[in-house]
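The values are calculated or read from the model by the stated rules, or taken from the named source; none is laboratory data. Here the structure is a predicted model, which is why all the values come from computation and not from measurement. All Cβ positions, even for glycine, are placed from backbone atoms using ideal geometry, and neighbour counts span all protein chains on display.
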Amino acid sequence: MRIAVAGIMHESNTFNPQPTPLEAFRVQRGAELLSWWRDSPHEVGGFIAGAQKFGYEIFSTLMAQATPGGPVTGDAFERLTRELQERLARAPRLDGLLLALHGAMVSEDHADADGELLRRLRARFGPDFPLVVTHDYHANIAQRVVDLSTVLIIYKTYPHLDHRERGLQAASLIARTIRGEIRPVQALVKPPMLLNIVRQNTNLPPMDGVMAAARALEAEPAVLAASVAGGYQYADVPELGPAAVVVTDGAPALARDAAGQLADHLWAIRERLHFKLPDVAQAVRQAGASERRPVILVDMGDNIGGGSSGDSTFILHELLRQGLSGWVVVLADPEAAAACARAGVGAALRLAVGGKRYRLHGEPVEVSGRVKCLHDGRYEESEVRHDGQRYHDQGLSALLEMDGPPAEIASYLLLTSRRQTPFSLGQLLSVGLQPARQRVLVVKAAIAWRAAYEAIAGEIIEVDSPGVTAVNPAHFRYFRAPALWGLPASADSDEVKYDKPH
Ligand SMILES: [Zn+2]
């Protein structure tokens, strides 16, 4: 039994004006794919581990992944898709394909780029070829993705910590399908609502209950997989919103009923999704008054994992204005990092940082300090974290110790050359910081950072900061999204009707 392994993954923020080009993707091919991903907690690691466990041989093709950002350029989508097709065409006879897709990829030409890729693959392999797909929890799922895949499996956790488990589940189901032991059929049901990212944490109510229901369904013998996607609100696409997908063994009515049950469960929690977060000035004031440390200020509007630039200056500006000390802010600013490198360790300098990518993220801020450390930006994470990655590279990085009145603990600005999601404490530890000792840590994220930071957090303050990942959808104008409960752009959001398909 020979199974191809592949992945093209991107979460595309349609409100981010900077498209994602081919160069933004890190791509592993053939043997390199296997060595890169084998020991990672990622679903591709699960696909690879499945070979031995479920008795198949792997044909390794390509795995391409970029940090979330603006829509993928038409050129990048075409070139990656073409290369994958060419590699598959060179394979000896294949019995199936395991494919890792994010589920929220938008290209300049395709609002449902994942579906377009699947359409091309299905056209090549025909309707009966086993094609098992995995998705991130932040997927906006199109009906055609469910129609075109043999099995669709979605992460069950946010922060995402079950990638590898889902990869192994996909591996098991494809091997059993090829052996003729099961005949998967699946159904998709989407309640017409927005599930705001602020309430998507699967460890907390109300989503913990929904995920428990999915797990309970999956424990039933005829159910092969039961998944819930939270959806991805930063994409103005027709498929915006959460979804339930259930796969059964040859029982289409059961798949529809069970997916309907999970969708009902989502619909029933909508009144528990309301929230009110402090704005930047209020949040910094709260952090300054807190006795606990470190206080984590969550910069929701500049959530790098949600496709933001990582250089927003609103919170930095406010920390300086209110005169707090003992803070750490990380900014993606290659020009500033390079200026620090030119100046050298120990040099004192004054420079303008951040706010350089697009207008939504504030103005550059003038800072002065001393270069404490320079680093090549590479670090390794040995624990299971949200992104399933082991090897990290934030590019040439500079740690600047800020000037200011004498304080018990200094404030630091970490300037990186690449946007780096704060999903590993390695980001700070690698430059010699001791994050648990600082008074305030700013994370440019929403929920995912918690897997790494929650254990050291004294207090957590989620901030309603501006930016391309602002949590209030009223900040954006949606044109292609359908009418959804909770989406202010939808006329009479409270009147959205749920026409139950079951
Ligand atoms: Zn995600």
Every residue in region 412-467 that is away from the ligand (no atom under 16 Å from the Cβ), over 18 Å from residue 396 (Cβ atoms) and hydrophobic (A, V, I, L, M, F, W, C), please. 425, 436, 440, 441, 442, 455, 456, 457, 460, 461, 463
Members of region 313-333 that are assigned to a strand (DSSP E or B) and over 24 Å from the mean Cα position of the chain (by Cα): 327
Strands (runs of 3 or more DSSP E) contained in region 387-484 and holding at least 1 residues modelled with pLDDT under 95, within 30 Å of residue 202 (Cα to Cα) and not basic (Lys, Arg): 391-393
As an exercise: evaluate residue 116 against (1) out of contact with any Ser or Thr (no Cβ under 7 Å at 6 or more places or on another chain); (2) within 16 Å of the ligand (Cβ to nearest atom); (3) charged (D, E, K, R) and give the number of the one condition it does not meet. (2)
Counted residues, region 82-110 - those being surrounded by fewer than 18 Cβ atoms within 10 Å (Cβ to Cβ), polar (S, T, N, Q) and touching a residue at least 60 places away in the same chain (Cβ under 8 Å): 0
Which fully enclosed strands (runs of 3 or more DSSP E) of region 92-164 have 1 or more residues being polar (S, T, N, Q) and assigned by TED's automatic domain parsing to the domain that holds residue 214? 131-135
Could you list all residues from region 1-28 that are more than 17 Å from the chain's Cα centre (by Cα) and either part of a strand (DSSP E or B) or within 16 Å of the ligand (Cβ to nearest atom) (or both)? 2, 3, 4, 5, 6, 27, 28
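Every residue in region 187-209 that is in a helix (DSSP H, G or I) and either under 17 Å from the mean Cα position of the chain (by Cα) or surrounded by fewer than 21 Cβ atoms within 10 Å (Cβ to Cβ) (or both), please. If you could, list the steps in order and put the result at the bottom.
Kept after step one, since they are in a helix (DSSP H, G or I), are these residues of region 187-209: 197-199, 207-209.
Across region 187-209, the qualifying residues are 197, 198, 199, 208, 209.
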Run down 39, 75 and say which single residue is closer than 28 Å to residue 13 by Cα and either of a type outside the set (S, T, N, Q) or surrounded by 23 or more Cβ atoms within 10 Å (Cβ to Cβ) (or both). 75
Could we say that residue 12 is closer than 30 Å to residue 476 by Cα, buried (at least 16 other Cβ atoms within 10 Å of the Cβ) and polar (S, T, N, Q) here? yes
In region 136-148, which residue that is under 26 Å from residue 69 (Cβ atoms) and among the β-branched types (Val, Ile, Thr) is nearest to the ligand (Cβ to nearest atom)? 141
Checking 264, 249, 236 in turn, the sole residue that is away from the ligand (no atom under 16 Å from the Cβ) and within 24 Å of residue 357 (Cα to Cα) turns out to be 236
List every residue pair whose Cβ atoms sit under 7 Å apart, with the two residues 6 or more apart in sequence or on different chains, where the first one lies in region 382-394 and is under 18 Å from residue 9 (Cα atoms) and the second, anywhere, is within 16 Å of the ligand (Cβ to nearest atom) and aromatic (Phe, Trp, Tyr). 385/423; 386/423; 387/423
Across region 216-233, the tally of residues that are of a type outside the set (Gly, Ala, Ser), more than 22 Å from the chain's Cα centre (by Cα) and at pLDDT 95 or above stands at 5
When you scan region 423-435, do you find a residue that is touching a strand residue (DSSP E or B) at 6+ places or on another chain (Cβ under 9 Å) and within 19 Å of residue 230 (Cβ to Cβ), even just one? yes
Single match in 153, 178, 174 (criterion: surrounded by fewer than 24 Cβ atoms within 10 Å (Cβ to Cβ) and either over 21 Å from residue 481 (Cβ atoms) or over 16 Å from the mean Cα position of the chain (by Cα) (or both)): 178
Hey, among 57, 43, which residue is under 18 Å from residue 165 (Cα atoms) and either touching a strand residue (DSSP E or B) at 6+ places or on another chain (Cβ under 6 Å) or of a type in the set (S, T, N, Q) (or both)? 43
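Kindly indicate which of 151, 133 is within 16 Å of the ligand (Cβ to nearest atom) and in contact with a strand residue (DSSP E or B) (Cβ under 9 Å, 6 or more places away or on another chain). Before the answer, list the steps.
On the way: 151 fails: within 16 Å of the ligand (Cβ to nearest atom).
Being within 16 Å of the ligand (Cβ to nearest atom) and in contact with a strand residue (DSSP E or B) (Cβ under 9 Å, 6 or more places away or on another chain) holds for just one of 151, 133, which is 133.
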Looking only at region 84-106, count how many residues are in contact with an Asp or Glu (Cβ under 7 Å, 6 or more places away or on another chain) and on the phi < 0 side of the Ramachandran plot. 5
